[in-house]
Amino acid sequence: MDYSIISIKSVPTEEQGTLSFFEGERDLPFQIKRIYYIHHVSAGIKRGAHAHKTLQQMLFCPYGSVTIILTDGKTKEEILLDDPCKGLVLEPGLWRDMVWNIDNSVLCVAASQYYDKDDYIRDYDEYLEYLKTQKDIVK
Ligand code: T46
């Protein structure tokens, strides 16, 4: 499946916590054009239910725990984001759901493009049809 887990660079200080950082193109396979974050979410809430046609993103959870459920139309995988130093890089074409495990967990996302509603596929049947067209392009 077209994703990777990265270890976000982190600088611990003595008794003053840790500073973590990443840089577009150096630490991520894209230039960052947009940052957004999802907060004030109760445990048990599920968001997502869509795929992106072109957008690349890096998801991380600086506080709390969120499970990312991915499918490529054939297999399903779950990635637990419960460590501020763990990043999930998603390439385009993956259907995703996000489930909040702990109240008020924060999900942050660095994205390769400005917001574009036309980049979303929000209907699962349409997504499966879209995958078929992509396969045809590869052939
Ligand atoms: C994704 C997952 C991980 C904007 O106006 N600008 C933005 O930059 C974004 C991201 C969203 N919106 C609007 C669109 C909707 O009216 O905010 C509303 C909620 O968005 P959505 O229902 O898509 O939120 P999630 O949590 O299901 O999905 C979000 C991202 O949209 C999506 O790209 O991959 O987080």
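The values are calculated or read from the model by the stated rules, or taken from the named source; none is laboratory data. Everything numeric here is computed off the predicted structure, so don't read it as measured data. Positions of Cβ are backbone-derived with ideal geometry, glycine not excepted, and every protein chain shown enters the neighbour counts. For accessibility, only protein heavy atoms count, side chains too; no ligands or nucleic acids. Shrake-Rupley method; radii C 1.70, N 1.55, O 1.52, S 1.80 Å.
Quick notes
- Accessible-area ranking of 131, 59, largest first, probe 1.4 Å: 131, 59
- Among the listed pairs 86/135; 46/117; 46/74; 53/74, those beyond 27 Å (Cα-Cα): 86/135
- Residues of type aspartates and glutamates that residue 9 reaches as a straight line, Cα spacing below 20 Å, ignoring anything fewer than 8 places off in the same chain: 23, 25, 27, 82, 83
- Looking at the chain, the accessible area is 60 square angstrom per residue; that uses a 1.4 Å probe and ignores ligands, DNA and RNA.
- Ligands, DNA and RNA left out, the 1.4 Å accessible surface of segment 1-83 is 47% carbon and sulfur atoms.
- Helix axis angle, 124-138 relative to the chain longest principal axis, alpha carbon, degrees: 80 degrees
- Separation of alpha-carbon centers, segment 81-111 and segment 11-35, rounded to whole Å: 15 Å
- Taking all protein chains together, 14, 23, 91, 78 sort by accessible area into 14, 78, 23, 91, largest first [probe 1.4 Å].
- For residue 86, solvent-accessible area (1.4 Å; no DNA, RNA or ligand), Å²: 50 Å²
- The residues neighbouring residue 18, those whose beta-carbon lies less than 12 Å from its own, together hold a net charge of -2 under the Lys/Arg +1, Asp/Glu -1 convention.
- Extension gain from residue 63 to residue 115, taking 0.36 nm per residue of separation minus the Cα-Cα distance: 16.3 nm
- Accessible surface comparison of 27, 123, probe 1.4 Å, protein chains only, largest first: the order is 123, 27.
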